[in-house]
């Protein structure tokens, strides 16, 4: 009889799960339990607790504008540390383990410091360590790219340590590390352990009757993450979708069922709002009396994009007298930089003035059936109107409707919409059971 | 006219020199001044302040016996951090710089975790960065070795990042990094910046009239370092000696002349005690009534050596009635481990009992002329006797006499010996001037 290979599970633990010795030991026990069940394990860890913020503060102590390459080497140490500590804690309870840095794990990136994308994974070392009976702990959030250098071999590769440059994947990048490894290694499961028990219909700190979803489709999850739900990084969900990796979000503190992010075969049947997201990291910029001529949008949004500022919603009012108002939103943390970039354009483009508002927020409803059911938009706008909440901007996608409202009305809006769409009510038992079995 | 190449200077800054943002900025200004004078620079840094101890405490929080490989990855992050911060601080004041980890700098080691020795340096990347006009900041204390792995290429090398293992050189290893780089790169100067202004005739915190030496020979410095002077790591001095690197020890806080460690052409002329060293990290072990038969020493010291415990002084008394007492000293921090190793040998070797004493200390006099002048030993022992200090053990080398005394008499002994050998008196101006010019 041929022996089945051991199942391979990728487990990812976020920063709050490894904040401090006691939590690291608890994570080690959780890993040991999984290992005892016979699985081969690849564990991805984030930096401990506030380490990343502390390292950013160190950098801020010596310079206002840290070099991005140096910052990546600095930040990557946070995950090196947590990976070694988890490995040590496993040794201490008799589990054979080894930590690997992103470069050692063979994770290559495109070399954009601070926001690198994974270009490929050379799984040789990970596979060799698994074959040697070890639990492999991978430092998340990082990889390696190639430095173009004079004086080195003509074509250095990322496996040439002398030319190897450490790059980080941006905030939440450890999720991406985990999903990419699960895809590359053909893992049977990819578990994201967090400080919440799963994906909720809304932030339960705001909507007290928010309900955990047993399953959510990739696209719905991407929209929720994009619109402010902070449990999972958007790119990680996208990577899971493209590679068909079932991602399980669950608590590292409780033994409780989590939420599966996966293809949802019942999307068409559900045909309802699945969740709400809100985001306070929003600022609105309005350019007043912009001359209504071709090329204006490019002149405004080109320089912002070149500087890595993501423009989210854009609304252009109907022109009046050859001029128009152009409003758009950006992440609030980028507002000062965006103003510096746009200020010189006032003369060049000939608009009257630039006004900004950093006391706005986004509230979105997400659900795969929204597109075909216009009643949802009406119900959303009506609910906000009934609550006396003014809608400043609207944007929609196939599965989402987003509104910009005053920031101080956000919690009220979330609670009103949660009630209006009856999100506290479980979906039909049958539908959920079928989905879970799918 | 052919242009002379720029002089190359290696500068090393220890942990206290980079402890905190303000000190890092000061180090950056010091580097910038040197750079402005036209030198190419390779800068080696230790971890900031107490970082290494904090990382050890983190490891101690999760396990009593941290895996040595994991500990090396953990500890190496301290130097990654300080190197990036110094590089950022240089950028902030307009100096082009780049930090390199030990592996990126091409420093390969023999792979003994926690106490690796440098096996070689591949200088390609450093040279490429210097050629690109950059000050190169190298993370000290670390290098890279090769992991023997199944499933990877048959013969992975240290330049194959997948097999690359991070190794550290042991406490003070950044000194070794600096001297090894100076030797490999043929540097014109190798400067070790510390929190003292140079090498003193004794610890100035104890002997208030201790005098800074303008020059000291490699061998004398090695003996001083070996016997407790903590300014320089022994291996770094040895490496300087073998490679004929002139090492300059000087203060990172004051602009003051330091001490040169170099071949001392006046050694024969000096013919006097050059310095005192003391060391409290000493414990004495005595095996009582050891059967006087061949092989006993090997049975005792073999297992200690196998476990990496350095035995320093050994004294075997004259046998009486077929048995003898065997006394030796080890680092005090190793005492508990040494007892665990030796306890099972009581029966095997048939000695009566093992006694230990961890309240002893070493005091040594060092000088290249000691060997040929028996008067020094008599003066040392007489001085201690006059002070009522009992000598428990004695050992000598060609240029050193060491005594073991009670720890609570150490400061008294240092002061008495400093006076007895007139170390506060400068050597003849002529001799010093000649040496400095040599």
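Every number here is computed from the coordinates shown, using simple stated rules; none is lab data. Because the structure is predicted, anything quoted here is derived from the model rather than measured. Here the Cβ is made from the backbone with ideal geometry for all residues, glycine too, and neighbour counts use every protein chain on show.
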Q: Could you let me know the centre-to-centre spacing of region B:41-80 and region A:204-270, using Cα atoms, in angstrom?
A: 38 Å
Q) For chain A, what does the alpha-carbon gyration tensor say about shape, rounded, prolate or oblate, given a ≥ b ≥ c as the root eigenvalues, a/c under 1.5 as rounded, and a/b over b/c as prolate? A) oblate
(Q) Nearest 10 degrees is fine. How inclined is helix B:51-62 to the longest principal axis of chain B, computing both from alpha carbons? (A) 70 degrees
Q: Note down the Stokes-Einstein diffusion coefficient of region B:209-315 in µm²/s, whole number, using a Kirkwood radius over alpha carbon pairs, 10 °C, and 1.306 mPa s.
A: 94 µm²/s
(Q) I want to check the label-to-label distance for residue B:263 and residue A:373. Put each point 7 Å from Cα in the C-beta direction and report it in nm to one decimal. (A) 9.0 nm
Q: Please compute P(r) over all alpha-carbon pairs of region A:343-408, binned at 5 Å starting from zero, and give each bin as a whole-number percent.
A: 4, 14, 21, 16, 13, 11, 9, 8, 4, 0
Q.
I need the calculated FRET efficiency for the pair residue A:297 and residue B:333, taking r as the beta carbon distance and R₀ as 60 Å, to the nearest 0.05.
A. 0.30
Q. Once both axes come from the Cα atoms, what is the angle between helix B:234-243 and the longest principal axis of chain B, in degrees from 0 to 90, rounded to 10?
A. 60 degrees
**Q.** Test item: B:55-66 mean partner chain Cβ contacts at 10 Å
**A.** 6
Q | Ratio of Rg to Rh over region B:8-195 (Cα coordinates, Kirkwood Rh, two decimals) | A | 0.98
Q. Using 0.36 nm per residue, how much length does the chain from residue B:346 to residue B:53 gain when fully extended, once their Cα-Cα distance is taken away?
A. 101.9 nm
Q: Quote the FRET efficiency, to the nearest 0.05, computed for residue B:171 versus residue B:425 with a Förster distance R0 of 35 Å and r equal to the Cβ-Cβ distance.
A: 0.55
Q | Exercise: per-residue mean of other protein chain Cβ atoms within 10 Å, A:336-344 | A | 0
Q. Which of the peptides A:346-359, A:167-180 is most tightly packed, and how do the rest follow, judged by the mean count of other Cβ atoms within 10 Å per residue?
A. A:167-180, A:346-359
Q.
Could you tell me the calculated FRET efficiency between residue A:205 and residue B:406, based on Cβ-Cβ distance and R0 = 45 angstrom, to the nearest 0.05?
A. 0.10
(Q) Quick check on region A:283-357: what does the Kirkwood estimate of hydrodynamic radius come out to from the alpha carbon pairs, in Å? (A) 12.3 Å
Q. In degrees from 0 to 90, rounded to the nearest 10, what is the angle of the helix B:68-92 Cα long axis to the longest principal axis of chain B?
A. 40 degrees
Q: Please check which bits of region A:93-137 a label hung off residue A:36 would reach, taking the label as a point 7 Å along Cα-to-C-beta and the cut-off as backbone N under 17 Å.
A: A:93-97, A:135
Q: Take the Cα of residue B:96, step 7 Å along the line toward its Cβ, and report every residue of region B:36-80 whose backbone nitrogen sits under 18 Å from that point.
A: B:36-43
**Q.** Mean Cβ neighbour count within 10 Å, used as a protection proxy, ranking B:298-305, A:96-103, B:65-72, A:62-69 highest first
**A.** A:96-103, B:65-72, A:62-69, B:298-305
Q: Please give the average number of partner chain Cβ atoms lying within 10 Å of the Cβ of each residue in B:96-104, rounded to a whole number.
A: 4
Q: Subtract the Cα-Cα distance of residue A:315 and residue A:29 from 0.36 nm times their separation in residues, and report this length gain in nm to one decimal.
A: 97.8 nm
Q. What is the log10 of I(q)/I(0) for region A:136-259, computed with the Debye formula using one identical point scatterer on each Cα and no solvent, at q = 0.16, 0.17, 0.20, 0.22 Å⁻¹?
A. -0.81, -0.89, -1.12, -1.29
Q. What translational D, rounded to a whole number of µm²/s, comes out for the protein assembly as shown from Stokes-Einstein when the hydrodynamic radius is the Kirkwood one over Cα pairs, at 37 °C and 0.692 mPa s?
A. 105 µm²/s
Q. At what distance in nm do the modelled label points of residue B:4 and residue B:112 sit from each other, each positioned 7 Å from its Cα along Cα→Cβ?
A. 4.1 nm
(Q) Can you compute the helix-only [θ] at 222 nm over the protein assembly as shown? Use -39500 (n - 2.57) per DSSP H run of at least 4 residues, normalise by all residues, nearest 500 deg cm²/dmol. (A) -10500 deg cm²/dmol
Q: Place the peptides B:133-139, B:286-292 in order of packing, highest mean first, counting for every residue the other Cβ atoms within 10 Å and averaging per peptide.
A: B:133-139, B:286-292
